[in-house]
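See below for the structure under consideration.
The values are calculated or read from the model by the stated rules, or taken from the named source; none is laboratory data. Given the structure is predicted, the values throughout are model-derived calculations rather than measurements. As a convention, Cβ positions derive from the backbone with ideal geometry for all residues, glycine included, and neighbour counts pool all protein chains shown.
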Amino acid sequence: MRWALATVLLLHGLIHLFGFAKAFGYAELPQLTQPISRGWGVGWLLAAVLTVLAAGAVAAQARWSWVPAALALLASQVVLSSSWVDAKFGTLPNVVLLAVAAYGFAANGPVGLRSRYTQDAAALQAQVPSHTPLVTDADLAPLPAPVQAYLRFTGSVGQPRVAAFRAVWNGRIRGGADEAWMGFSAQQLNQVLGEPERLFLMDATMKHLPVDVLHRFVGPHATYEARVLSAVPVVHGEGAELDVAETVTLFNDLCILSPSALVEPAFRFESIDARSVRAFFTRGLHTVSAELKFDERGALVDFVSDDRRRASPDGKHFVQQRWSTPLTDYRHFGALRLAAHGEARWHDPAGAFTYGEFDLIALEPLLGTPLRGAALAGP
């Protein structure tokens, strides 16, 4: 679709050169029966340049493609109107320009979910502290043995505590066990220290149409919004039940993507056995829990919580349901060894099913200057 749109716009832009060529006498072009002044010829050239620029921006998937598309639409329609008898059919490809400009504005303009994500992300990154302490053996001492082993396995000991992180994902997701999968890419920003916060922006495809999804948990309350074609709202969720659900999701993020957070006072633990613990996480008014399961290496291999809420398709109603995220494929992301593949499962009374598969493409921890204390005894 992208290349088809770009091709249509390119050809449309090149056709505008006919008006420029006739105005300056470079070609006879008998099909253009009306005279074109040199002033209007410059207008035809400008329309051609802007339309070709819009075609290139669409081909390159540039987020600003709506800007040259809107300008090209204006310039093109003005010059077409000046030679309406000969050029009126040029309005048809201008409908494509209108669609490109409208969709681009909805997706990447100031009112889009992507713009909201960008603004919130900049504000969160501005809050990253100038200094972060190192994770030491003394920090691990109060923790159950499986959690200590996990922090050592991930390489967190001796590293600065992560203040925030950015992550990039690819994967697929579906609404139910019998529904079709939708591919997606996503970007995420979490603040870790202080009161943790979370932004998660997903670009998915549903029935061949693009869908933007934004999970936002900044301040005391969480929201969830999905828009088809970046403009048509199809889901909007908020309220106390979503706050609890997103607290569990944030809890899950910190365990998997920022293990150093487990030494923070927001977490407490109860031992179950040699390879599992009950973990509790408090954010604001909500405390949620999960069973963390580890393998013989110390790797976290599953997170199981009964505090998660499953949303209805419209995001307005929730039902409490067991939720788990099996983890595999540990690899290094910078200094840390983290799970690169995870699944999200609902344990429905009719049978458990995987509704999301997530592949971690990149992770960038945001750190302040390390605060160095006593010598470390870590591995």
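Return the residues of segment 269-282 that are buried (at least 20 other Cβ atoms within 10 Å of the Cβ) and not aliphatic (A, V, I, L, M); say none if nothing qualifies. Hit for segment 269-282 is PHE281, nothing else. The lone criterion from (1) touching a residue at least 12 places away in the same chain (Cβ under 8 Å); (2) touching a Ser or Thr at 6+ places or on another chain (Cβ under 9 Å) left unmet by VAL319 is number (1). If I filter segment 186-216 down to residues being of a type in the set (Asp, Glu) and more than 30 Å from SER130 (Cα to Cα), which single residue comes out as nearest to the chain's Cα centre (by Cα)? Among those that are of a type in the set (Asp, Glu) and more than 30 Å from SER130 (Cα to Cα), it is ASP203. Each residue in segment 1-33 was checked for being within 30 Å of THR205 (Cβ to Cβ) and either surrounded by 13 or more Cβ atoms within 10 Å (Cβ to Cβ) or touching a residue at least 12 places away in the same chain (Cβ under 8 Å) (or both), and 11 of them qualify. Pick out the one residue from THR328, THR287 that is of a type outside the set (Asp, Glu), out of contact with any helix residue (DSSP H, G or I) (no Cβ under 6 Å at 6 or more places or on another chain), surrounded by 14 or more Cβ atoms within 10 Å (Cβ to Cβ) and assigned by TED's automatic domain parsing to the domain that holds PHE217. So the residue among THR328, THR287 that is of a type outside the set (Asp, Glu), out of contact with any helix residue (DSSP H, G or I) (no Cβ under 6 Å at 6 or more places or on another chain), surrounded by 14 or more Cβ atoms within 10 Å (Cβ to Cβ) and assigned by TED's automatic domain parsing to the domain that holds PHE217 is THR287. Checking GLY25, GLY13, GLY39 one by one, the residue that is assigned to a helix (DSSP H, G or I), modelled with pLDDT of 80 or more and over 22 Å from ALA57 (Cβ atoms) is GLY39 and no other. Once segment 50-69 is narrowed to residues that are small (Gly, Ala, Ser) and not in a helix (DSSP H, G or I), the residue that is surrounded by the fewest Cβ atoms within 10 Å (Cβ to Cβ) is ALA60. The single residue among ALA47, ALA72 that is over 30 Å from THR205 (Cα atoms), at pLDDT 85 or above, surrounded by 22 or more Cβ atoms within 10 Å (Cβ to Cβ) and not assigned by TED's automatic domain parsing to the domain that holds LEU229 turns out to be ALA47.
Restricting attention to segment 226-254, the residues being surrounded by fewer than 18 Cβ atoms within 10 Å (Cβ to Cβ), among the aliphatic types (A, V, I, L, M) and under 19 Å from VAL111 (Cα atoms) number 6. Among the numbered conditions (1) surrounded by fewer than 18 Cβ atoms within 10 Å (Cβ to Cβ); (2) in contact with a helix residue (DSSP H, G or I) (Cβ under 9 Å, 6 or more places away or on another chain), the only one that VAL85 does not meet is (2).
For every residue, the table says whether it meets (1) surrounded by fewer than 17 Cβ atoms within 10 Å (Cβ to Cβ); (2) closer than 28 Å to VAL192 by Cβ; (3) free of Cβ contacts under 8 Å to residues at least 40 places away in the same chain.
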| residue | (1), (2), (3) |
| --- | --- |
| VAL78 | yes, no, yes |
| SER81 | yes, no, yes |
| LEU92 | yes, no, yes |
| VAL96 | no, no, no |
| TYR103 | no, no, no |
| GLY109 | no, no, no |
| SER130 | yes, yes, no |
| ASP139 | no, yes, no |
| PRO146 | no, yes, no |
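Cβ-Cβ contacts under 6 Å between residues 6 or more apart (or on different chains), taken from a first residue in segment 336-347 that is acidic (Asp, Glu) to a second residue that is part of a strand (DSSP E or B), are listed as GLU343/THR354; GLU343/GLU357.
Considering only segment 210-227, I want to know if a residue exists there that is out of contact with any strand residue (DSSP E or B) (no Cβ under 6 Å at 6 or more places or on another chain) and under 29 Å from ALA101 (Cβ atoms). Looking for residues that are out of contact with any strand residue (DSSP E or B) (no Cβ under 6 Å at 6 or more places or on another chain) and under 29 Å from ALA101 (Cβ atoms), one finds at least one in segment 210-227, hence yes.
Of PHE294, PHE281, all but one fail to be within 19 Å of ALA141 (Cβ to Cβ) and either in contact with a helix residue (DSSP H, G or I) (Cβ under 7 Å, 6 or more places away or on another chain) or hydroxyl-bearing (Ser, Thr, Tyr) (or both); the exception is PHE294.
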